[in-house]
Amino acid sequence: MHDAVWLNANLATMTAHGVIVDGALAIRQGRISWIGPRSGWKDKARAEHDARGAWILPGFVDCHTHLVYGGNRAHEFELRLKGASYEDIAKAGGGIISTVRATRAASEAELLALTQKRLSEWLAEGTAVIEVKSGYGLDRETELKMLRVARRLKGLTVRTTFLGAHTVPEEYKGRADAYIDFVRNEVLPAAAEEKLADAVDVFCERIAFNRHQTARVFAAAEKLKLPVKLHADQLSDLGGAALAAKHRALSADHLEYTSESGIEAMAKAHTVAVLLPGAFYFLRETRLPPIAAMRRNGVPIALATDHNPGSSPLSSPLLAMNMACTLFHLTPDEALAGFTINSARALGMQETHGSLEVGRAADLALWEIGSPAELAYAMGANPCVGVIRAGEKAPAVS
């Protein structure tokens, strides 16, 4: 006996089976227990639901966000409109450092309230999983505070990533190597001991950390048996993609300046490419990620909002899909895979999320659309008409 079945539904499976028109999907103990054409449904369920022709898709997976932070950086947005670059602002003491100051000053309760309120935007768009990074503390207390806040978020599954090596804090100015020692020897082990981190990330860039410093953090993560991810090649080609591949990273993210050899290395290592169109748009970048090389080499392409206060204050997976199509020339099918099966891969969660298959988590969303391509089409629209969490209807988000 199944717990529930949804009938009269169109199903976008995100597998080789493609779409199932007029399908049925059954759930048992929080997982998908049957899927196929409605005509093939012969079993029984304790509850039957009429989807009324809606499309059922796996809940979105947003695999790269910086959701926990204090303050905002609207002033820096104004400065960029007047001609200042992201790097100019960072060198003048703005950028990440300004958010660090605000985040250090906020209490854990204040950060939790702010972040839970932000999260409502993702919940309303049927998001099932969100990754949340630290990196706006850059000291032991605040990094752990951020991760604890992320662990306390409600409404979906949260994966936490330790990003202590986001930039060099003011108290370590000119001593980047000493800061990396601090991250490796004190902060990361503390996060691991409290089981606050599911992965470790580094910002490998000329305004942050070089390849050698990044590799040192990765080595510490590997000793703690934590998988790694990388902010790679966003502003210049430092060989970040190849470095991520060398360490079998779950993903390399941004990638605007990645070389063909870097993409080839990612393909061999099965490292997912995470594209972040919100940052590309907000910073008015012009260098496109090497999409053709990714396709040619079979590198899975994931998408994420990269929500953060400085370079991508984007709170909508749907809008990120539209941006990926218009700015990066992805197809709607690629964009949809980017927020489902491929983004689940970028978190190592492809066995539980990102597709409609027997045994997968019943974390689903119902959409009032004519075809899945509409999800990447309309800017500002949200046709989500229902959310299922662990097999149960989730309450509406107000």
**Study point:** Dipole magnitude of the range 60-346, debye to nearest 20 (Cβ charges: Lys/Arg +1, Asp/Glu -1, about Cα centre)
**Key:** 340
Study note, to complete from the structure: Hits in the range 142-178: amide N under 16 Å from the 7 Å Cα→Cβ extension of SER107, namely 145-146, 149
Exercise for review: Specify whether the C-alpha gyration tensor of the range 267-391 places it in the rounded, prolate or oblate class, a ≥ b ≥ c being the square roots of the eigenvalues: rounded for a/c under 1.5, otherwise prolate if a/b is larger than b/c and oblate if not.
Suggested key: oblate
Review point. Where does each of 333-341, 296-304 land if you order them by average Cβ count within 10 Å, highest first?
Key: 333-341, 296-304
Review point. Picking from ALA90, ALA165, ALA273, which is most flexible by a Gaussian network model of the chain using Cα springs under 10 Å?
Key: ALA90
Exercise for review: Using only the Cα atoms of the range 71-223, construct the convex hull and provide its projected area averaged over every direction, in square nanometres to one decimal.
Suggested key: 9.6
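Please arrange ILE27, ILE369 by counting, for each residue, the other beta carbons lying within 10 Å of its beta carbon, fewest first.
With the fewest neighbours first, ILE27, ILE369 line up as ILE369, ILE27.
How do 370-376, 63-69, 346-352, 123-129 rank on mean C-beta neighbours within 10 Å, highest first? Present the calculation step by step, with values, prior to reporting the outcome.
Numbers: 370-376: 18.3, 63-69: 27.6, 346-352: 21.3, 123-129: 24.6.
Result, highest mean Cβ count within 10 Å first: 63-69, 123-129, 346-352, 370-376.
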Exercise for review: Could you work out which residue, out of LEU243, LEU314, LEU224, moves most in a Gaussian network model of the chain, that is, has the largest mean-square fluctuation with Cα springs under 10 Å?
Suggested key: LEU224
Exercise for review: Sticking with the crude label model, points 7 Å out along Cα→Cβ, report the distance from GLU48 to ASN382 in nm, one decimal please.
Suggested key: 3.3
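Compute the orientation-averaged projected area for the range 78-133 from the convex hull of its Cα atoms and round it to one decimal in nm².
Working: hull surface 22.1 nm².
Convex hull of Cα atoms, orientation-averaged projection: 5.5 nm².
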Practice item. Just list whichever of LYS246/LYS268; LYS133/LYS246; LYS145/LYS393 have alpha carbons separated by over 20 Å in the model shown. Key: LYS133/LYS246; LYS145/LYS393
Check your understanding: Tell me, what is the percent relative contact order of the range 60-346, built from C-alpha pairs under 8 Å that lie six or more residues apart?
Key -> 17
Review point. What is the Cα centroid distance between the range 8-62 and the range 64-121, reported in whole angstrom?
Key: 40
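So if we plug the beta-carbon distance of GLU193 and GLU170 into 1/(1 + (r/R0)^6) with R0 = 30 Å, what FRET efficiency do we get, rounded to 0.05?
On the way: r = 27 Å, r/R0 = 0.89.
E between GLU193 and GLU170, to the nearest 0.05, is 0.65.
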Point to revise | Cα-projected label distance for ASP88 with GLN29, points at 7 Å along beta-carbon direction, nm | key: 6.0
Check your understanding: How would you rank GLU193, GLU87, going from fewest to most other Cβ atoms within 10 Å of each one's own Cβ?
Key -> GLU193, GLU87
Check your understanding: What is the Cα convex hull volume of the range 188-306 when expressed per residue in Å³?
Key -> 100
Revision key, fill the gap. Across ALA178, ALA279, ALA24, the residue with the highest GNM fluctuation in the chain (Cα network, 10 Å cutoff) is ALA178
Check your understanding: If we count other beta carbons within 10 Å of each Cβ, what is the order of HIS231, HIS247, HIS212, HIS270, fewest first?
Key -> HIS212, HIS270, HIS247, HIS231
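In the calculated pair distance distribution of the chain, what percentage of Cα-Cα distances lie above 34 Å? Could you put the intermediate results ahead of the total?
Values: 21158 of 79003 pairs.
So the portion of pairs separated by more than 34 Å is 27 percent.
Each reported figure results from applying straightforward, stated rules to the coordinates on display, with no laboratory input. Since this is a predicted model, take the numbers as computed values, not measurements. Glycine also receives a Cβ, built like all others from the backbone with ideal geometry; neighbour counts cover every protein chain displayed.
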